[in-house]
Amino acid sequence: MKAVQLDSICTLPASAVPLRTLDGLGPGAWASKAGAMGPAGWGLGRQGLRLLKRSLLPLKLTAIIFAGLLFCEFFIYYLVICRCHWAEVEAPAWGGEPLAPVLRAMVLADTHLLGEVQGHWLDKLRREWQMERAFQTALWVLQPEVVFILGDIFDEGKWSSPQAWADDVGRFHRMFRHPAHVQLKVVAGNHDIGFHYWMNSFRVKRFEKAFSSERLFSRKGVNFVMVNSVAMEGDACNICAKAEAELLQVSRRLNCSREVPGSGPCGAGQQLSPSAPILLQHYPLYRASDANCSGPDAAPPEERSVPFRERYDSLSREASQKLLWWLQPRLVLSGHTHSACEVLHGAGVPEISVPSFSWRNRNNPSFVMVSLTSRDFALSKCFLPQEDTVLATYCGVVGLLVVLVLAHTERLASPFLSGWNELRRHRSW
């Protein structure tokens, strides 16, 4: 029997067993397939990535627009107003009494809500949205207890129809809505009821019905006197005579508050706090001009030396002396000029002219924050976002959008690429 060699059975020629890979291709076929997927395959990948980037362009643009709107229309108000702080006021105890309570009052002026005659819808939308956001942000951040608006609430109250007036009042209450614990007090301005020669009983009563005819207001022992300064003309017209009679009555009540209860002609009626009042009105007291006013929100330098017209730019000298004598205020707050100013009257009575609250009247609106006790007060000012800052931010957003669009359409890169190719061509020569 012939022996069989095991190695001859187990060992086969290489050609007898074909080499297979997992996908059933031999080495040569796999290499040829990989070669076919080389540059062309990677080209398809780059093209897909480019298409993906272009498909994300609308999402990027939308996100940038949304972020710009959110910052300029909401966040910027918090960013700016959060830097404002109430001034500290001394509240010492007197005669063993507890510390005097501090009242925080926010004072603004000249909102000038636009009417149907001269108010363009875009102007109305832009400026009134600014005031609404500023006011609501200030309420939330600063938590005032009382808010005073010093006249010229409306721009066309002096001639608006009954329907237009009702619409404007409704818009005002929507914009300047406030919690129940915050009191809102308003005084009349010349744009609300007209200058003296336009003012009539109908407009005055319409204003007082929409807001209040209150002349004396007291809270936490602090007395406030609110004056219809348009009626302080001094010509004995019916409205003027009534306004002066009301102020004389307020003066008597204030004088009685400084006497012993039940003594003299005052009787034992309801007593006010024996505190010198804060005078609130639209027109400033008499001053020659704004020449001595300064600060970032004062009138422009070219306007400061322009003489004031009595009964138009300010109260008359006579009316101012009456108010100071009758009421003996410790502080006067006024509006009307749209610019800031600090003046000392008589025996050192300070007057603060509060700038306009609206972008329509100035680029850098502001309001005054007053911390008050029955014996002392301290003031600080809070600036709102500047209109040119918001506009510059929007311009930056638009510029960024343009750059992104150009970059994605390769128009931005084409000048650089053509320049690089031209440089390479010159080098090859």
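What follows is calculated from the coordinates using simple rules that are stated; it is not laboratory data. Fair warning: this is a prediction, and the values are worked out from it, not measured in the lab. FYI the Cβ positions are ideal-geometry reconstructions off the backbone, even for glycines, and counts take in every protein chain you see.
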If you bin the C-alpha pair distances of the range 84-204 every 5 Å from 0, what whole percents do you get? 2, 10, 17, 19, 16, 12, 9, 6, 4, 3, 2, 0
Let me understand the range 289-353 better: what is its radius of gyration from the alpha carbons, and its Dmax, in angstrom? 12.0, 36
Show me the chymotrypsin sites (Phe, Trp or Tyr not before Pro) within the range 194-250 that DSSP assigns to loop and that have at most 15 other Cβ atoms within 10 Å of their Cβ. PHE195, TYR197, TRP198
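Kirkwood Rh over Cα pairs of the range 330-390 into Stokes-Einstein at 10 °C, 1.306 mPa s: D in µm²/s?
Approximately 125 µm²/s, per Stokes-Einstein.
Which order do ILE149, ILE352 fall in if you start with the one that has the fewest other Cβ atoms within 10 Å? If you can, show how the numbers build up before the last one.
Working: ILE149 27, ILE352 19.
Ascending Cβ contact count within 10 Å gives the list ILE352, ILE149.
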In whole angstrom, how long is each semi-axis of the equivalent ellipsoid of the range 288-404, when you take the square root of 5 times every eigenvalue of its Cα gyration tensor and sort them from largest down? 36, 18, 10
Which pairs break 23 Å Cα to Cα here: LYS158/LYS220; LYS158/LYS209; LYS124/LYS381; LYS185/LYS205? LYS158/LYS220; LYS124/LYS381
Here the alpha-carbon Rg of the range 203-340 over 2.2 N^0.38 Å rounds to 1.18
Beta carbons within 10 angstrom, averaged per residue: use that to sort the peptides 358-367, 390-399, highest first. 358-367, 390-399
Report the Cα-based extents of the range 193-267 along its three principal axes, largest first, to the nearest Å. 44, 27, 15
Going by the alpha-carbon gyration tensor, a ≥ b ≥ c the square roots of its eigenvalues, is the range 158-226 rounded (a/c under 1.5) or, if a/c is not under 1.5, prolate (a/b greater than b/c) versus oblate? oblate
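Which FRET efficiency value, to the nearest 0.05, is calculated for LEU69 and SER305 with the Förster distance at 35 angstrom and r the Cβ-Cβ distance?
The pair LEU69/SER305 has a calculated efficiency of 0.25.
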Per the rule of 0.36 nm per residue minus the C-alpha distance, extending GLU132 to ALA407 adds in nm 95.1 nm
